[in-house]
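The values are calculated or read from the model by the stated rules, or taken from the named source; none is laboratory data. Everything numeric here is computed off the predicted structure, so don't read it as measured data. Heads up, the Cβs are rebuilt from the backbone with ideal geometry, glycines too, and the neighbour counts pull from every protein chain shown. Heavy atoms of the whole protein, side chains included, go into the accessibility calculation; ligands, DNA and RNA do not. Shrake-Rupley method; radii C 1.70, N 1.55, O 1.52, S 1.80 Å.
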Amino acid sequence: MRAGRRDVPITHPDKLLFPDDGISKADLAAYYRDAAPRMVALVRDRPVSLQRFNAGIGRAGFFQKNVERGAPPWVKRVQVGKRGGSLWHVLANDAATLVWLANQNCITPHVWLSRADRLERPDRMIFDLDPASEDDFALVRRTARELGDILREAGVEPFAMTTGSKGIHVVVALQRRYAFGAVRDAAVAVADELVARRPRELTTEFYKRKRDGRLFVDVNRNAYAATAVPAYAVRPLPGAPVATPLAWDELSDRRLRAQRWTIATVLDRDPDVWAPLRAAARGLPRI
């Protein structure tokens with residue numbers, strides 16, 4: 001498959017990764033090739049963890065972080081430290097690499113909140129609004145709007161995207177001046193303020209058994225080596241839904257659902273909806 005300036009081999013292109021939908025590996029690769037012009041800018045230089053499904057989504061998948069060998073030499077990688085050693089992460093810096101990832105049966109690339117040249121200084125803060133049930137999406141939309149109000153009061157600009165699974169991510173662009181610990185502390189303060197306004201509906205409780213059906217305001221992705229689903233990533237669910245950037249006023253649309261857009265429809269949307277994200281980088285939100 002031609003992707004950018006390279007021809008990327010696709011092995012077993014007819015393998016059905018989404019068997020009930022007839023979506024093959026070649027279809028997935030073609031989607032990532034076509035999504036690259038808008039996706040690469042959002043994932044460039046971020047270490048990737050591969051969520052792979054070698055037998056399609058009907059069977060259990062697995063995560064792969066270390067890609068020290070086996071990748072073509074043109075696939076960029078970064079060596080990152082971990083307890084007791086180090087490992088090599090892929091960097092999805094061009095269309096050809098996204099296609100190569102699809103050929104590894106990687107349906108969903110998950111990326112760090114920091115970039116390769118300053119791994120310990122994140123430039124994103126993420127709030128994952130995770131409902132107890134997919135039927136609670138009106139609550140998700142309302143919570144995202146209220147979280148956005150708090151963030152603006154705290155001096156930063158919020159951006160939203162559907163996760164392609166159950167919820168919404170609210171994202172803040174940061175100047176790369178803060179360690180992960182400070183970023184997480186600021187995110188916790190914002191989340192606590194949000195939950196304090198509606199404690200019967202919202203919680204920051206990590207354990208599901210203690211949430212009592214409340215929406216989970218998750219800030220745990222704001223940590224070194226933690227990953228999040230990036231915009232335009234495909235999710236391993238029926239229909240091949242896609243994590244989709246939103247214009248803020250779309251949060252008021254009653255038709256909005258976390259899985260509303262798929263690989264067949266998402267590229268018909270405005271490609272510039274998140275164009276202001278990087279220029280919106282500020283200091284930490286102050287509660």
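Could you say whether any residue in region 163-179 is open to solvent by 10 Å² or more (accessible area, probe 1.4 Å), in contact (Cβ under 8 Å) with a residue 24 or more places away in the chain, closer than 20 Å to Ser252 by Cα and in contact with a helix residue (DSSP H, G or I) (Cβ under 7 Å, 6 or more places away or on another chain)?
Yes - at least one qualifying residue is present in region 163-179.
Considering every residue within region 132-146, establish whether at least one is closer than 22 Å to Arg198 by Cβ and of a type in the set (Phe, Trp, Tyr).
Yes: region 132-146 contains one or more residues that are closer than 22 Å to Arg198 by Cβ and of a type in the set (Phe, Trp, Tyr).
Out of everything in region 190-232 that is open to solvent by 40 Å² or more (accessible area, probe 1.4 Å) and not in a loop (DSSP other than H, G, I, E, B), what residue ends up being farthest from Asp149 (Cα to Cα)?
Across region 190-232, the extreme among qualifying residues is Arg209.
Within region 73-89, work out how many residues are over 15 Å from Arg6 (Cβ atoms) and in contact with a Phe, Trp or Tyr (Cβ under 9 Å, 6 or more places away or on another chain).
Matching residues across region 73-89 total 5.
Of all residues in region 255-283 being within 23 Å of Leu139 (Cβ to Cβ) and among the charged types (D, E, K, R), which is least open to solvent (accessible area, probe 1.4 Å)?
Arg260
Going by what's in this entry, would Val40 be described as assigned to a loop (DSSP other than H, G, I, E, B) and β-branched (Val, Ile, Thr)?
No.
Quick check, is Ala187 over 27 Å from Ala281 (Cβ atoms), part of a helix (DSSP H, G or I) and open to solvent by less than 60 Å² (accessible area, probe 1.4 Å)?
The answer is no for Ala187.
Would it be correct to say that Arg69 is modelled with pLDDT under 95, over 25 Å from Glu120 (Cβ atoms) and surrounded by fewer than 18 Cβ atoms within 10 Å (Cβ to Cβ)?
Yes: the conditions hold for Arg69.
Is there any pair linking a residue in region 1-28 that is assigned to a loop (DSSP other than H, G, I, E, B) and at pLDDT 95 or above to one that is crowded, with 16+ Cβ neighbours inside 10 Å and among the hydroxyl-bearing types (Ser, Thr, Tyr), with Cβ under 9 Å and at least six apart or on different chains, and which?
What qualifies is Val8/Thr97; His12/Ser24; Pro13/Ser24; Asp14/Ser24; Lys15/Ser24.
Here are some residues: Ala102, Ala41, Ala92, Ala55. Which one is in contact with a strand residue (DSSP E or B) (Cβ under 6 Å, 6 or more places away or on another chain), at pLDDT 95 or above and within 27 Å of Ile23 (Cα to Cα)?
That would be Ala92, the only listed residue that is in contact with a strand residue (DSSP E or B) (Cβ under 6 Å, 6 or more places away or on another chain), at pLDDT 95 or above and within 27 Å of Ile23 (Cα to Cα).
Which of the residues that make up region 233-254 are part of a loop (DSSP other than H, G, I, E, B) and open to solvent by 20 Å² or more (accessible area, probe 1.4 Å)?
Arg235, Pro236, Leu237, Pro238, Gly239, Ala247, Asp253, Arg254 - these are the residues of region 233-254 that are part of a loop (DSSP other than H, G, I, E, B) and open to solvent by 20 Å² or more (accessible area, probe 1.4 Å).
Can you name the residue in region 112-152 that is open to solvent by 10 Å² or more (accessible area, probe 1.4 Å) and in contact with a helix residue (DSSP H, G or I) (Cβ under 6 Å, 6 or more places away or on another chain) and, of all such residues, is nearest to Pro285 (Cα to Cα)?
Once the filter is applied, the top-ranked residue is Arg145.
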